[in-house]
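The values are calculated or read from the model by the stated rules, or taken from the named source; none is laboratory data. None of the values given here were measured: they were computed from a predicted structure. Because the Cβ atoms are built from the backbone with ideal geometry, glycine has one as well, and the counts that use them run over all protein chains shown.
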Amino acid sequence: MQPLAVIDYIVKWLTQYLDRSGMKGFVVGVSGGIDSAVTSTLCAMTGYPVKALNMPICQAADQVSRAAKHIRWLAARYPTAEGVTVDLTPVFESLKRALPEAIQDDLSMANSRSRLRMLTLYGFSTHHRLLVAGTGNKVEDFGVGFYTKYGDGGVDLSPIADLMKSEVYALAGAMGITDEIIQAPPTDGLWSDNRSDESQIGAAYDELEWAMAFEAGKGDEASLDPRQRDVLAIFRTFNRINRHKMVPIPVCRIPNRIK
């Protein structure tokens, strides 16, 4: 991959899409992770207004701090970029009080955090006429479906969704993203115990990239070692159960003869 050429291509793609949309700029949720850092920087490189939102919800202090540092870094380099912090912890606590306790399992509430952030991003989007830029990479969006439907999956456009995680890291290095973000373990930031993506999935992103390429290439499973077999099984399981996120919403088409 040629990182500088890819960066230039994505920035032009963002610019052209924005010009056609009639909107004024972009809004991006910044988590302190590599994907949102790269996405927000790509958006800022267009020269159009960018709102970079730090939206903590009972968040680990290091995540909030990394997000804030990146937003300061972004605003210092790109005059059209502006950081905004919206503390959603009180909103989340109110939601927990309103919802029946019976449905408040760990996963449902983790997804609720992501959906509160989506609502916030679209609040800014509507008021300021901005496009919500997604931060999902190719492994997350089209491999294992590791995102929240109508949460971080609820976006207007996806600038890095054709890039593997390793390619996102390559762009980050070329863009000068800080080492603190590049070296931070990937996490979705939706759990009180600050668990990593790898601990949730059971495989690292480089392993998932291998599995995705293996599936695409229809390789020989007989040649795999035990860990590769495990990773492939993990990939296939996530891909199957999250397939509903990766395909268009099904529509029940009524035959004309009975309409």
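Given (1) modelled with pLDDT of 95 or more; (2) out of contact with any helix residue (DSSP H, G or I) (no Cβ under 6 Å at 6 or more places or on another chain); (3) closer than 30 Å to residue 155 by Cβ; (4) surrounded by 13 or more Cβ atoms within 10 Å (Cβ to Cβ), where does residue 245 come up short, assuming only one miss?
Status for residue 245: all satisfied but (1).
Where residues in the stretch 5-41 are outside any loop (DSSP other than H, G, I, E, B) and hydroxyl-bearing (Ser, Thr, Tyr), which of them is surrounded by the most Cβ atoms within 10 Å (Cβ to Cβ)?
40
Just name the residue that is modelled with the highest pLDDT out of those in the stretch 173-209 that are of a type in the set (A, V, I, L, M, F, W, C), within 26 Å of residue 239 (Cβ to Cβ) and outside any loop (DSSP other than H, G, I, E, B).
208
Confirm whether residue 206 is closer than 28 Å to residue 124 by Cα and touching a residue at least 12 places away in the same chain (Cβ under 8 Å). Don't jump to the end; show me each part of the working.
On the way: closer than 28 Å to residue 124 by Cα: no; touching a residue at least 12 places away in the same chain (Cβ under 8 Å): yes.
In short, no.
Give 150, 205 a once-over and let me know the one that is under 24 Å from residue 99 (Cα atoms) and over 11 Å from the mean Cα position of the chain (by Cα).
Numbers: 205 fails: under 24 Å from residue 99 (Cα atoms).
Among 150, 205, only 150 is under 24 Å from residue 99 (Cα atoms) and over 11 Å from the mean Cα position of the chain (by Cα).
If residue 250 meets every condition in (1) in contact with a His (Cβ under 9 Å, 6 or more places away or on another chain); (2) more than 20 Å from residue 35 (Cα to Cα); (3) part of a helix (DSSP H, G or I) apart from one, which number is that one?
Looking at each condition in turn, residue 250 falls short on (3).
Identify the single condition in (1) modelled with pLDDT under 95; (2) part of a loop (DSSP other than H, G, I, E, B) that residue 155 does not satisfy, given that it satisfies every other one.
Result: residue 155 passes all but (1).
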